[in-house]
Amino acid sequence: MREITMAAAIREALREEMRKDNEIYLLGEDIGAYGGAMGVTGDLFKEFPERVLDTPISECGIMGIAIGGAYSGMKMVPEIMYADFLSVCFDYLLNQVSKNRYMTGMQEGGKDACMVLRTPTGTGLRAAAQHSQCMEQFLIPIPGLKIVAPSTPYDAKGLLKAALRGNDPVVFLEHKMLYYTPGPVPEEDYIIPLGQADVKREGTDVTVIASQQMVNRSLAAAETLAKEGIQIEVVDPRCFNPLDMDTILKSVHKTKRVVLVNEASGTGNAVNEIYVRIMDEAFNELKAAPVKVCGPDTPIPFAPQLEDMWTRDENDIIEGIRKALK
């Protein structure tokens with residue numbers, strides 16, 4: 001099977017779906033002729049000059065246009081240049097696109113509100129505290145939003161296609177350090193339903209639940225520990241909402257030990273909800289308390305050495321696994 005990068009997989013998904021559906025519109029800062037700040041939209045502007053729209057530097061303006069288009073029946077794909085900037089237009093997520101379809105029915109029946117918000121997230125670019133955060137923990141509590149966080153090119157393409165074919169508001173989180181990581185992606189059409197977790201590696205001793213960049217680091221930790229005869233199962237939720245607890249609990253029932261890994265700061269982290277639900281639904285199955293491996297409760301440093309210290313790595317995950325095995 002061919003291998004392409006995640007950036008190429010996302011661009012391919014957008015191109016294929018835009019060819020099928022004339023109501024899909026992309027909009028954001030520098031996504032047109034420039035090809036996007038991260039190069040993801042590439043040459044889409046040449047093929048769809050009237051549907052790949054450059055905007056002013058205004059997150060609120062981008063989201064306002066996107067929400068209006070969504071409620072008019074179009075499928076809007078706004079790009080916010082960095083996930084950190086979701087804070088600028090947070091009202092649109094908290095109070096508008098997530099709720100208006102339930103309150104007003106802005107189309108017949110109030111069924112459609114398709115907006116797939118794409119945004120880069122996470123550390124690694126040495127972009128400092130205001131351009132490096134993982135924001136999913138702020139989005140998960142919002143009823144009415146779907147939250148997607150792929151870790152491979154295959155997942156990114158399949159999940160994005162599913163989001164674009166749906167009728168719901170989706171926040172599609174793309175980790176910066178995964179954009180140019182290659183992986184196998186079929187050439188034939190496929191989708192991955194939202195809310196379907198994936199077991200990236202099977203094991204019997206500890207379940208590691210990780211997302212995005214931390215999936216690769218968890219897999220590396222599992223490879224290292226396999227040399228000692230410790231078999232780690234790595235589960236990637238792929239979506240935080242809807243959350244596939246069936247797959248997670250099946251793994252927990254098997255291994256009876258859990259490590260939850262996420263790049264963001266530990267307090268209020270996205271994995272906290274998974275932690276609580278495991279304790280609610282599988283407490284009697286556990287041989288040890290779940291272990292969290294998350295970032296420190298500080299802003300992300302700019303200096304490369306300090307950012308590397310801040311971000312959890314393979315060794316931190318191994319330490320968490322050993323703690324779960326005590």
Note down the nm distance, to one decimal, between modelled labels 7 Å out along Cα→Cβ at residue 47 and at residue 130. 3.6
With the contact rule set at Cα under 8 Å and sequence spacing of 6 or more, what percent relative contact order holds for the range 160-263? 33
Looking at the chain as a GNM with Cα springs under 10 Å, which of 74, 309, 177 has the largest mean-square fluctuation? 309
So what is the calculated 222 nm ellipticity per residue for the chain, using -39500 (n - 2.57) for each DSSP H run with n of 4 or more, over all residues, to the nearest 500 deg cm²/dmol? -10000 deg cm²/dmol
When ranked by the protection proxy of mean other Cβ atoms within 10 Å per residue, highest first, what sequence do the peptides 146-159, 228-241 form? 146-159, 228-241
Roughly what would the spin-label model give for residue 306 and residue 102, points 7 Å off Cα along C-beta, in nm? 4.1
Using alpha-carbon coordinates, inclination of helix 245-255 to the longest axis of the chain, degrees: 20
In degrees between 0 and 90, to the nearest 10, how far off the longest principal axis of the chain does helix 59-71 point, with axes built from Cα atoms? 80
Tell me, what is the percent relative contact order of the range 234-326, built from C-alpha pairs under 8 Å that lie six or more residues apart? 31
Could you name the lysines in cross-link range of residue 323, using Cα to Cα under 27 Å and dropping any fewer than eight places away on the same chain? 200, 227, 250, 254, 256, 287, 292
Förster-model FRET efficiency, 30 Å R0, residue 276 and residue 181, C-beta, rounded to 0.05: 0.45
If the chain between residue 1 and residue 289 were fully extended at 0.36 nm per residue, the gain over the current Cα-Cα distance would be 99.6 nm
Sites residue 16 and residue 297, calculated FRET efficiency, Cβ-Cβ separation with R0 45 Å, nearest 0.05: 0.60
So, R0 is 56 Å and r is the distance between the beta-carbons of residue 224 and residue 23; what FRET efficiency does that work out to, to 0.05? 0.70
What order do 302, 85, 138, 48 take when sorted by accessible area (1.4 Å probe), most exposed first? 302, 138, 85, 48
How large is log10 of I(q)/I(0) for the chain at q = 0.14, 0.16 Å⁻¹ when the intensity is taken from the Debye formula with one equal scatterer per alpha-carbon? -1.09, -1.37
Would you mind checking which residues have amide H under 5 Å from residue 99's amide H? H placed 1.01 Å from N; only 5 or more apart, or other chain. none
Could you work out the relative contact order of the range 16-66, using alpha carbon pairs under 8 angstrom and six or more residues apart, expressed as a whole percent? 34
Between residue 253 and residue 88, what is the spin-label point distance in nm, taking each point 7 Å from the Cα along the Cα→C-beta axis? 4.7
Give the angle, between 0 and 90 degrees and rounded to the nearest 10, that separates the Cα long axis of helix 153-165 from the longest principal axis of the Cα atoms of the chain. 50
List, in order, the whole-Hz ³J(HN,Hα) value for each residue of the range 171-176 obtained from phi through the Karplus relation with A = 6.51, B = -1.76, C = 1.60 and θ = phi - 60°; use x for Gly and Pro. 9, 10, 8, 10, 6, 4
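The values are calculated or read from the model by the stated rules, or taken from the named source; none is laboratory data. Keep in mind the model is a prediction, meaning the values are calculated, not measured. Every residue, glycine as well, gets a Cβ built from its backbone with ideal geometry; the counts of neighbours run over all protein chains shown. In case anyone asks, the SASA skips ligands and DNA or RNA and just uses the protein heavy atoms, side chains included. Shrake-Rupley method; radii C 1.70, N 1.55, O 1.52, S 1.80 Å.
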